[in-house]
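Q: Sharing a structure with you now.
The values are calculated or read from the model by the stated rules, or taken from the named source; none is laboratory data. Remember, it's a predicted structure, so these values are computed and weren't measured experimentally. Every residue, glycine as well, gets a Cβ built from its backbone with ideal geometry; the counts of neighbours run over all protein chains shown. SASA here: full protein model, heavy atoms, side chains in, ligands and nucleic acids out. Shrake-Rupley method; radii C 1.70, N 1.55, O 1.52, S 1.80 Å.
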Amino acid sequence: MKHPLTIMAVETSCDETSVAIVRDGREVITNIIYSQIDIHKKFGGVVPEVASRNHLVKISHVVDEALKEAGMSFDDIDCFGVTYGPGLVGALLIGVAYVKGLAFALKKPFVPVNHIEGHISANYIEHPDLEPPFISLIVSGGHSHLVFVKDYGSYEILGKTRDDAVGEAFDKVARTMGLGYPGGPLIDKLALEGDPEAIHFTRTYLEKDSFDFSFSGIKSGVLNYINNQKQKGNTINEADLAASFQDAVVEVLVQKAVKAAEKHQLQKIVVAGGVAANSRLRLLLGEACKERQIDLYYPALKLCTDNAAMIGCAAYYAYKQGVRGDMYVNAVPNLKLGQQYEMKSRD
Ligand code: KG4
Ligand code: ZN
């Protein structure tokens, strides 16, 4: 029988210290996620230096916990995977340095992984039969991309945000409304009680046929609305505001994702990233896909936000294609999707 490939993956690109053990890409043995959200909450967002320090404090404990939960030792690990970009440079460096050290000391290979590729790969874990090609909508706190996934490791970026990422817009609007951090889930919850048509915010579609996004205008729109109402002495219906903002964002995401699938004649849309947890996006995109007989895929909520299992899955397919890291791997904060790591040495 073929020996399964067991990968230990490490993710530290933002504010989650996560370590997973994944077998043959899609079988998650363990996926430990230590979230720093409570630490960053009081600052209203992620403080990069604080994130790096906490990764450093936690990383070896999370690695130990993963091995313990899996009932494994390093002898059972064939290869390591690690996120090396995009993300916060100091945070990424902790994971990269740690995995380089482990791989060197244990004389095992490792694979540097693109975080966005990881988000897409979360869907392979969730849906065992899912295979490329498909259209992927990646919507997280740091990224908003519409991508044609041609094959494992082969991506054509159709569009991306020109300013704020969609999760960032949710977080900033939530902060303006005084809701707290992270804003996405709070707005999602509040919006359930509101009327999405109560306030009209402009939908930013940009030029005809463009698959790019822009979310900074809507953020200012909400701020202007709040200031205007305050000046007039009106009370603001927060649920209506949350629902109206959310719909203005979600409608654009749905329209562009469906258009991309139609243009490329693909009957599969795969959503990934933290905002894939949004209930309104799930509802409206679900309806739009049903009308057009497009199959829609999402990861489970735990796999939507940052986690190392998705990195382990992406590492597996990259490993199979021959991608390997070496001691020259560095953190690349603005790493582009589709650029596989090329070895600089043979050490
Ligand atoms: O993918 P992720 O964990 O981190 C990045 O790689 O950025 O995404 C986090 C983002 C945050 O901006 C958070 O507000 C947003 O995902 N988010 C949501 C929801 N749950 C998380 N946004 C809208 N609705 C949600 N239910
Ligand atoms: Zn992410």
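Q: Looking at segment 300-327, I want the residues that are closer than 18 Å to Met343 by Cβ and have a partner that is of a type in the set (Asp, Glu) and away from ligand 2 (no atom under 15 Å from the Cβ) with Cβ atoms under 7 Å, at least 6 apart or on another chain. Which pairs are those?
A: Taking only residues 6 or more apart or on different chains, the pairs are Asp326/Asp347; Met327/Asp347.
Q: Pick from segment 173-185 the residues that are modelled with pLDDT of 90 or more and over 18 Å from Leu283 (Cβ atoms): which of them is most open to solvent (accessible area, probe 1.4 Å)?
A: Step by step, filter segment 173-185, then rank; the result is Arg175.
Q: Sticking with this one: Just to be sure I understand, how many residues within segment 61-84 are of a type outside the set (D, E, K, R) and within 20 Å of Met327 (Cβ to Cβ)?
A: 9
Q: List, please: which pairs have Cβ atoms under 8 Å, are six or more places apart or on different chains, and start with a residue in segment 6-17 that is more than 12 Å from ligand 1 (Cβ to nearest atom) and end with one that is in a strand (DSSP E or B) and open to solvent by 10 Å² or more (accessible area, probe 1.4 Å)?
A: Short answer, once both residue conditions are applied: Thr6/Arg23; Thr6/Ile29; Ile7/Arg23; Thr17/Ile33; Thr17/Tyr34.
Q: Look at Leu241 and say whether it is assigned to a loop (DSSP other than H, G, I, E, B), farther than 19 Å from Ser144 by Cα and open to solvent by less than 50 Å² (accessible area, probe 1.4 Å).
A: no
Q: Same structure again: How about segment 250-269: which of its residues are touching a strand residue (DSSP E or B) at 6+ places or on another chain (Cβ under 7 Å) and open to solvent by 10 Å² or more (accessible area, probe 1.4 Å)?
A: Scanning segment 250-269 gives His264, Leu266, Gln267, Lys268.
Q: Counting only residues that are of a type in the set (Ser, Thr, Tyr) and out of contact with any strand residue (DSSP E or B) (no Cβ under 8 Å at 6 or more places or on another chain), give me the helices (runs of 4 or more DSSP H) lying completely in segment 270-347 with at least 1 of them. Please lay out each step first, then the result.
A: Details: elements: 279-291, 301-304, 309-320.
Counting at least 1 such residues, we get 279-291, 309-320.
Q: Of all the strands (runs of 3 or more DSSP E) wholly in segment 133-218, which have at least 1 residues that are within 11 Å of ligand 1 (Cβ to nearest atom) and touching a helix residue (DSSP H, G or I) at 6+ places or on another chain (Cβ under 9 Å)?
A: 134-139, 144-151
Q: Which of the following residues is part of a helix (DSSP H, G or I) and among the polar types (S, T, N, Q): Asn31, Asn54?
A: Asn54
Q: Just give me the residues in segment 29-54 being touching a residue at least 40 places away in the same chain (Cβ under 8 Å) and within 18 Å of the chain's Cα centre (by Cα), in sequence order.
A: Selection gives Asn31, Ile32, Ile33, Ile37, Gly45, Val46, Pro48, Ala51.
Q: I would also like to ask the following. Output the number of residues of segment 60-93 satisfying the condition of being of a type outside the set (Ser, Thr, Tyr), away from ligand 2 (no atom under 16 Å from the Cβ), at pLDDT 95 or above and on the phi < 0 side of the Ramachandran plot.
A: 19
Q: Go through segment 1-38 and count every residue that is touching a helix residue (DSSP H, G or I) at 6+ places or on another chain (Cβ under 6 Å) and surrounded by fewer than 16 Cβ atoms within 10 Å (Cβ to Cβ).
A: Of the residues in segment 1-38, 0 are touching a helix residue (DSSP H, G or I) at 6+ places or on another chain (Cβ under 6 Å) and surrounded by fewer than 16 Cβ atoms within 10 Å (Cβ to Cβ).
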